[in-house]
1. Within the stretch 442-463, identify whether any single residue is over 30 Å from Glu412 (Cα atoms), of a type in the set (D, E, K, R), free of Cβ contacts under 8 Å to residues at least 40 places away in the same chain and assigned to a helix (DSSP H, G or I), and answer yes or no.
2. Just checking, how many residues over the stretch 494-520 are within 16 Å of Ser647 (Cα to Cα), open to solvent by 20 Å² or more (accessible area, probe 1.4 Å) and touching a residue at least 60 places away in the same chain (Cβ under 8 Å)?
3. Lys695 - would you say it is farther than 25 Å from Lys558 by Cα and more than 30 Å from the chain's Cα centre (by Cα)?
4. Restricting attention to the stretch 194-225, which residues are of a type in the set (S, T, N, Q) and in contact (Cβ under 8 Å) with a residue 60 or more places away in the chain?
5. Can you name the helices (runs of 4 or more DSSP H) wholly within the stretch 163-254 that have at least 1 residues being aromatic (Phe, Trp, Tyr) and within 15 Å of Met269 (Cβ to Cβ)?
6. Give all pairs with beta carbons closer than 7 Å in which a residue from the stretch 612-639 that is closer than 22 Å to Thr66 by Cα and in contact (Cβ under 8 Å) with a residue 12 or more places away in the chain meets a residue that is among the acidic types (Asp, Glu) and outside any loop (DSSP other than H, G, I, E, B); count only pairs at least 6 apart in sequence or on separate chains.
7. Taking only the stretch 484-493 into account, find how many residues are basic (Lys, Arg) and open to solvent by 60 Å² or more (accessible area, probe 1.4 Å).
8. Filter the stretch 626-659 down to residues that are open to solvent by less than 10 Å² (accessible area, probe 1.4 Å), part of a helix (DSSP H, G or I) and in contact with a Ser or Thr (Cβ under 9 Å, 6 or more places away or on another chain), then give me how many there are.
Amino acid sequence: MSMEQIYESSVKDPAKQPKKLLRKAYAGTIIALTYTEILLNRAIKDFGPDQSIGYPDTAYYLPVITCLSGEMVTQLGELVPILNRMRNQVRSELTFDNARLWGESVLYAAEIIEALHYLRGDEPKVKPWTGFLGDPILRKHGIKMVDWTIPGVAVILGRAQDAAAAKKIVDNLMGKGFMIFLCDEVIEQLLEENVKIGEDYIAFPLGNFTQVIHAVNYAFRAGLTFGGIPAGERENHRDYQRRRVRAFVLQLGELDDVKVAAEMGAIFMGFPVLTDQPLSEDMQIPDWYISEPDYDKIVPLALEIRGIKLTNLEIPIPVNFGPAFEGEAIRKADTYVEFGGGWTPAFELVQMVGPEQIVDGQVTVIGPEIDSVPEGAKLPLGIKIDIFGRKMQVDFEGVLERRIHYFANYGEGVWHVAQRDLCWVRISKDARAKGFLIRHLGELLLAKLKQEFPAIVDRVQVTLLTDQTAVEEGLVQARERYRARDDRMRSLTDESVQDFYSCLLCQSFAPNHVCIVTPERVGLCGAVSWLDAKASYEITPNGPNQLIPKGPALDELKGMWQNTNDYLYKASNNTLEEVNLYTLMDKPLTSCGCFEAIMAIVPEANGLMLTTREHTGMTPSGMTFSTLAGICGGGIQTPGFMGIGRSYLLSKKFISADGGIARIVWMPKELKEFIRDDFVQRSVDEGLGADFIDKIADESVGTTVEEIVPFLEENGHPCFALESLI
């Protein structure tokens, strides 16, 4: 059903058109456009029409204008005809159709205003205020927004009745796992109540009212990046927003004409608006612009109208929990107690057990609880999770064990890094003050494992060890299991298995993209290994990971199989016919947009470079990560360019048909350090020597071909002795 049909079905009687609301929206549109024209004319007078303009850290110019019109604005003077066009589409008749066009015009106006603020250096620079959210943040969090890992998006404007009420609304939304954008005085209210906001909590304090456009351009870039919708396809972008970005607006506090006009822009995108102001019938649009003064009811009503269904999970712990807290950092000064991290022995272990070895739902603490130790204490920790499931397999132990990291970080005031016997856990002072115990970490892990893996997990029990002797004894057992798993993984090669697996998780935003996951090639997001895909297939046979019987090879060197091609053709909506797994240059795997790194050829060096989303600077390809992502993303085959998972660099099958790791001539220093130890071992195994990694250029050497080629030659890089890539 189109947005127009939805509206018509909600307003049965045309005579009940909300004339008073529409008059305010029209007046606000005229004010917004006039103000924008004044600011634009002043900027052109001060800087000239050829002045460069744009947002930082984005490949999408001014994203609202890029998406809706296809115009790639780079200079001030280019905005004049665009603003004139937006003014000319404003009609004075008080209709819903016109109101949405007014809203579109106000979106353009706000985009121009904020771009001018960046030109003048007027944007907020102090945390937690964010201003414009660059492409790295979009790629980090946006995928969860459009695949609904994050269940919805709340845009909160204005000022709540009081600071406590603002905190209650945001705590509610965070507990449900929502992404939140904040504008106006509500930000100060939340800071007054010490609510945790900022990028780490996917609760973005954008700034003042006009900076709400940064929520809009974030959402539109998701359509470009993950939906693969070309710039300028206006109606397709609107449709994507309505279908994939489950957003709504909460307008708190007094309404003025410009706010109402801007909120028509949200409705233009398919997002309903709810306000806490009591409104008469002629100030409301059923299912689109709604009054709900009761703060206990406004969020549930927003979910109902936007069609967001939540699976509520009650966990008996005294702190909030959800993905909003996954990025929370707990500094040493804020820590009540910590475990592991090199200070004390620690481990975590998931193991499959028989039905007689488990008491379902039991959480046991062996050793001191954290309420019996002083602030600042360092304790040993063992997290032992026993699982019984009729469909559970030993190969799935490591898959579930890696989820401990994510689930532990869901707890507000709980910080977890690393895994296995390198894990490090901190509990904050705030969490302890609320009554959090180490037992509650067990309750959280138990509940989430049963919720997320019901097909293979029937019973769970958790034992938390904080006694030194018990941890040391458990550590011996854990390391034996780790070694057994590692031996098993080393035995898994592309040649040793009979099946590969697909991953179609990203087709919600890149409809033709297909990942082929093998023992020696992780999914390009870095999160789906062959064992992960195998476990997923066992859990959900009709899910995103499908079994592909390997069958006979058509080309063993390049890595092509007939069965893989047959599967690819159907899964890519009949758009891709063949794929090679072991080459970058001939029919490579497609890329979606959530890859951890990108490979690109450097013809002048007869090699390739890699960059990551963490590296925002220039590369020897002449492009940043964001620009490269625009070239090879969206589910297309792009010879010479490909998105990958970081760990693929350490695979024996890393572009093996093209010469393997010997082709790498440049990568960011951060990536070098991240993979250094394992990469050195791979280099030795390949006969390249332990110093090969230091023959690879990075940004300290240069970011242009002219800068890196002399370095490669001086250090005897092997790329020049290899067969030509092209």
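The values are calculated or read from the model by the stated rules, or taken from the named source; none is laboratory data. Keep in mind that what you see is a predicted model, and the values were worked out from it rather than measured. Virtual Cβ from ideal backbone geometry, glycine too; neighbours counted across all protein chains shown. Please note that ligands, DNA and RNA were not included when accessible areas were found on the heavy atoms of the full protein model with its side chains. Shrake-Rupley method; radii C 1.70, N 1.55, O 1.52, S 1.80 Å.
1. Within the stretch 442-463, not a single residue is over 30 Å from Glu412 (Cα atoms), of a type in the set (D, E, K, R), free of Cβ contacts under 8 Å to residues at least 40 places away in the same chain and assigned to a helix (DSSP H, G or I).
2. 1
3. In short, yes.
4. Thr210, Gln211, Asn217, Thr225
5. 213-225, 234-244
6. Ser626/Asp135
7. The number of residues fulfilling the criteria is 2.
8. 3
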